[in-house]
C-alpha cells in the first residue's frame, strides 16, 4: 500500500490570526479542511490528474500541524510547518510498522485551497517547501509534490518557483492543482502537461449532504439575533444568505443542483428575482459562466423590466430558468410568471429554482410550475401584530423588510 499525504494547517483561531500577519487571508477554510474532506473524492481527483494510476493501492493520510508559537519570515514558517508535518508522517508510518527504508509515500500535498495566495506569497511558500524537503531527506526528492491552490497562476508565474524547479534539488514531479479544476505537471524542472479535472471528480472532495447544507445555513450564519417584519408576518432572522452561497462547497453544491435541471447545449435565459440580490447574482453569474455561449443571466431585483425586454430576452431560448433566494408565499414568482406568460408565444419551458424555501410554502404554484429548492427552512412565522408576536414580546430587535 502506498500513501498520499495531505498537509493541513489546524485552522485554529490562533493559527489563522498568525497567517493573516503574513498576508495570507482565509477564503473558505470550512470547505476544504480535513474534517470535511471526502478521501474517496481525493483519490478520484488524483486519478484524474495522473498522480496515481491505481486507486486500489493508495490510501489518503491527513496530517496537520500548529505553528502559532513560531514567529519567523514566511519562508521559514512554511519550512517549519512542512518539517512538522513530515515528522507527523514519519510517526504515522512507524505506528503502522512501515520500514524506514521502504518509504511507501507516493505523494505529499500542501493544501492551500482555504487561502488567497498572491504571486509574492507563492515565492516564499515555494522556498519554504523547498528548504524543508532538502533538509528532511534526499529520498523525499523521489516523491511527487502537489500544491492545491485557489489560483494556479500564483505558482506557475512565480519566478522563485520556476527557479527552484530547475535547481535539481526539488522533487522530480510537481503538480499544481487549482480551484479552476486545472492540474499542471512539471517534471525535471520543465512544464509537461495541463489537464482539466472533470467537475464531478473535483466536487467529490467536498463531502456534503443535504443535512450539512441545512446546518450550514441555519446554524453557521446566525450572526444576528432578531427578526424580520415582513409584509404580512414576523419571522426569525437566522441566516446570512450571501455568506452562505459564497462558500466553496455550498456554491458548488447549489450549482450541481441547478445543472441537474438542464442539459448541455440548452439555450437558457436565467432571470434572478428576490430580495437577496447579491446571493442570487452570485449563483446566477456562476451558472452562466459554466457555459457562457448558451446561457445568459438577467437580474431583475431593484429594477423594472419592460415587457418588450422580457420578450427579447426569451427569444431563441430553449428554457427559461427563474432563480430566487427564499420562497415564502411565492407571490413574487407568481407575479413574474403572469407577466412572462403574456410573451411566451412558443411555450418555452419554465423552471424555478429557489436556494431555500420555508416549510409552509407550496412546492408547486397554481400555474402547475414546480419549485425546486436546495433547503427547506423550518422557521415559524408569527402574527404581524406586535401584541401577538412572540418575538416582539421577547423584545427581540426587528428589521423592516421592504419589497
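The three principal axes of the C-alpha atoms in the range 232-389 carry coordinate ranges of 53, 37, 27 Å, sorted with the longest axis first. With the convex hull drawn around the C-alpha atoms of the range 354-398, the volume per residue stands at 99 Å³. Let me make sure I get this right: for the range 163-207, a, b and c are the square roots of the gyration tensor eigenvalues over alpha carbons, sorted descending. Under 1.5 in a/c it's rounded, otherwise prolate if a/b > b/c, else oblate. Which is it? Prolate is the answer for the range 163-207, as a/c is 1.5 or above and a/b outweighs b/c. Dividing the summed -39500 (n - 2.57) terms of all DSSP H runs of n ≥ 4 by the residue count of the chain sets its mean residue ellipticity at 222 nm at -10000 deg cm²/dmol.
Between residue 190 and residue 260, the distance separating the two model label sites (each 7 Å from Cα on the Cα→Cβ line) works out to 4.6 nm.
Cα convex hull, the range 248-287: 74 Å³ per residue, rounded to a whole number. What is the chain's relative contact order, in percent, from Cα pairs under 8 angstrom and six or more apart in sequence? That works out to 13 percent. The largest-to-smallest principal axis extents of the Cα set in the range 1-155 are 40, 30, 27 Å. Give me D for the range 67-221 in µm² s⁻¹, whole number, from Stokes-Einstein with Rh from the Kirkwood sum over alpha-carbon pairs, 25 °C and 0.890 mPa s. Calculated translational D: 144 µm²/s. For the range 1-93, the Stokes-Einstein estimate of translational diffusion at 25 °C and a viscosity of 0.890 mPa s comes to 168 µm²/s, using the Kirkwood hydrodynamic radius over alpha-carbon pairs. Rg/Rh for the range 124-203 to two decimals, with Rh computed the Kirkwood way over all alpha-carbon pairs. Across the range 124-203, the Cα-based Rg/Rh ratio is 0.98.
Here the average projected area of the convex hull drawn through the C-alpha atoms of the range 181-261 stands at 8.5 nm².
Each 10 Å bin from zero up to the one holding the largest Cα-Cα distance in the range 260-341 carries the following percent of pairs: 17, 53, 29, 1. Can you compute the equivalent ellipsoid semi-axes for the chain, i.e. the square root of 5 times each eigenvalue of the Cα gyration tensor, sorted largest first and rounded to whole Å? They are 47, 26, 18 Å, listed largest first.
Readers should treat all values here as calculations from the given coordinates under stated rules, not as data from a laboratory. If you're wondering where the values come from, they're calculated on a predicted model, not measured in any experiment. Cβ atoms come from the backbone with ideal geometry, glycine included; neighbour counts cover every protein chain shown.
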